[in-house]
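Every number here is computed from the coordinates shown, using simple stated rules; none is lab data. Note that the coordinates shown come from a computational prediction; the quantities given were computed from them, not determined experimentally. Glycine gets a Cβ as well: all are built from the backbone with ideal geometry, and neighbour counts include every protein chain shown.
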Amino acid sequence: MVVKDPEHGDCFARVKVPNVFPRLVPIPTDKDVALQQLGLGGVGKVQQFVWLEEVIAQNLDDLFPGMEVVASYPFRVTRDADVAIEEDEASDLIEAMEEQLDQRDFTSAVRLELDVTTPEHIRELLTRNLQLPPYLV
């Protein structure tokens with residue numbers, strides 16, 4: 001996303017979203033509320049969802065107080081998941097796996113997914129910083 005900092009002008013910022021959040025967020029509807037008030041929650045329930053990135057985009061002002069959010073563009077980075085554990089060095093396999101998973105955020109990027117609305121200069125910035133060739137974007 002692009003934010004306007006009063007001291008530094010336009011800046012690029014990113015919000016890292018942990019994998020523990022669901023990609024689709026359930027949204028209560030007016031019908032859900034009416035059914036709950038009648039004590040009929042779950043009966044004939046209408047379920048609607050919104051993408052997590054849309055929820056985040058609508059609340060960026062709360063994440064960056066004192067800054068003007070100029071634009072936001074969702075993207076996803078896939079990282080190399082190759083795990084190398086030496087059997088003779090790993091006395092506890094679970095502990096070794098947990099350590100490897102903790103290091104996953106620092107492995108090489110192998111793919112970058114961008115929204116179609118992402119401008120070229122943001123695409124180039126991400127591609128360069130992630131050191132990815134264009135065919136992996």
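Charge tally around Glu68: other residues with Cβ under 10 Å, Lys/Arg +1 each, Asp/Glu -1 each, net -2.
A crude spin-label estimate for the pair Asn59 and Thr78, with each label 7 Å from Cα along the Cβ direction, gives 2.8 nm. In this rough spin-label picture, where each label sits 7 Å from Cα along the Cβ direction, the Val50-Thr117 distance is 1.3 nm.
A cut-off under 15 angstrom between Cβ atoms defines the neighbours of Val2, and their net charge, with Lys, Arg +1 and Asp, Glu -1, is -4.
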